[in-house]
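The values are calculated or read from the model by the stated rules, or taken from the named source; none is laboratory data. Here the structure is a predicted model, which is why all the values come from computation and not from measurement. Backbone-built Cβ (ideal geometry, glycine too); neighbour counts: all protein chains shown.
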Amino acid sequence: MRIIPAIDIIDGKCVRLTQGDYQRKKVYNENPVEVAKHFEAMGIRYLHLVDLDGAKAKKVINLKVLEEISRQTQLKVDFGGGVQSYESARDVFEAGAQQVTLGSIAVKKPAVVDQCLETFGSERIILGADVKGQQVAISGWQEVTPLTLETLVAKYVAKGIQYVICTDISKDGLLAGPSFSLYVQLIKRFPSVHLIASGGVTTIEDIGKLAAIRLEGVIIGKALYEGTITTASLKSYLQARPAQ
């Protein structure tokens, strides 16, 4: 299972929000490139980079951060936030991302997602399926749609999507544990999907439980920055599983 730290960017800084609320923002580091280097030094191989400015503005804002992380580390970066067109997805790949997460446009511009799948390949496109209750939320979680999570995932599985990141917004940033039952349900409903869990991961034990569900990966955010998952404990976990 991939262990994937998250770096969320506002004004070029590494931040975390609570339940997607831009008013509940905490800045953790002025230099996200240094944070990425720190993760790599721990033995991490993957990074989830989110342009929160871009998600709100509906266009990619922090492309330079991606370029610098890609230039200065060997991390395999998936990038999301503000990717609203084929051209912006292309720009993100050219800036060094291995995968691009498409969320809002999967709801509002499905033809663009189709074009990205056809051009870049399904192994490089991740469906960002963020959920509030049973409904899909988009635009940096500022807009809740009438679309259900399972309806959205089913639509794109039929189009050949392989990777899905599912964030339970009600759990995000609270350090109260992830939505285990939600991921069990999704794996059962869509066994072919490489599912990546996001939101609420608080302890090393949470990671172990998610691994037992046979997820593709787990995104860890606030737990790393607040220390409920320590550098030492995560290093030990990674060393015990060298394929991570």
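Quick rundown of the values:
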{"read-out": "Pairs, first farther than 16 Å from residue 65 by Cα and in contact (Cβ under 8 Å) with a residue 24 or more places away in the chain in segment 21-41, second of a type in the set (Val, Ile, Thr) and surrounded by fewer than 17 Cβ atoms within 10 Å (Cβ to Cβ), C-beta under 6 Å, six or more apart", "value": "24/18"}
{"read-out": "Selected residue (criterion: farthest from residue 171 (Cα to Cα)) from residues of segment 15-52 that are modelled with pLDDT of 90 or more and assigned to a strand (DSSP E or B)", "value": "46"}
{"read-out": "Residue list for segment 220-244, filter: crowded, with 21+ Cβ neighbours inside 10 Å and either free of Cβ contacts under 8 Å to residues at least 40 places away in the same chain or under 15 Å from residue 182 (Cα atoms) (or both)", "value": "229"}
{"read-out": "From 144, 83, 100, residue being crowded, with 16+ Cβ neighbours inside 10 Å, out of contact with any helix residue (DSSP H, G or I) (no Cβ under 6 Å at 6 or more places or on another chain) and not aromatic (Phe, Trp, Tyr)", "value": "144"}
{"read-out": "Residue 3, sole failed condition from (1) assigned to a helix (DSSP H, G or I); (2) buried (at least 16 other Cβ atoms within 10 Å of the Cβ)", "value": "(1)"}
{"read-out": "Flag if residue 195 is under 16 Å from the mean Cα position of the chain (by Cα) and either at pLDDT below 95 or among the charged types (D, E, K, R) (or both)", "value": "no"}
{"read-out": "Members of segment 183-205 that are touching an Asp or Glu at 6+ places or on another chain (Cβ under 9 Å) and surrounded by fewer than 19 Cβ atoms within 10 Å (Cβ to Cβ)", "value": "185, 189, 190, 194"}
{"read-out": "Subset of segment 198-216 that is part of a loop (DSSP other than H, G, I, E, B) and not hydrophobic (A, V, I, L, M, F, W, C) - its residue that is nearest to the chain's Cα centre (by Cα)", "value": "199"}
{"read-out": "Residue that is surrounded by the most Cβ atoms within 10 Å (Cβ to Cβ) [pool: residues in segment 119-130 that are touching a residue at least 40 places away in the same chain (Cβ under 8 Å) and out of contact with any strand residue (DSSP E or B) (no Cβ under 6 Å at 6 or more places or on another chain)]", "value": "122"}
{"read-out": "Test: residue in segment 169-178 that is outside any loop (DSSP other than H, G, I, E, B) and surrounded by 18 or more Cβ atoms within 10 Å (Cβ to Cβ)", "value": "no"}
{"read-out": "Any hit, segment 120-130, residues being farther than 19 Å from residue 193 by Cβ and of a type in the set (Ser, Thr, Tyr)", "value": "no"}
{"read-out": "Residue in segment 18-32 that is among the polar types (S, T, N, Q), in contact with a helix residue (DSSP H, G or I) (Cβ under 6 Å, 6 or more places away or on another chain) and surrounded by fewer than 22 Cβ atoms within 10 Å (Cβ to Cβ) present", "value": "yes"}
{"read-out": "Residue check for residue 40: surrounded by fewer than 16 Cβ atoms within 10 Å (Cβ to Cβ) and not basic (Lys, Arg)", "value": "no"}
{"read-out": "Test: residue in segment 145-155 that is under 21 Å from residue 45 (Cα atoms) and small (Gly, Ala, Ser)", "value": "no"}
{"read-out": "Filter result for residue 184 (within 19 Å of the chain's Cα centre (by Cα), on the phi < 0 side of the Ramachandran plot and not in a loop (DSSP other than H, G, I, E, B))", "value": "yes"}
{"read-out": "Any hit, segment 49-71, residues being surrounded by fewer than 18 Cβ atoms within 10 Å (Cβ to Cβ) and either among the aromatic types (Phe, Trp, Tyr) or closer than 25 Å to residue 236 by Cα (or both)", "value": "no"}
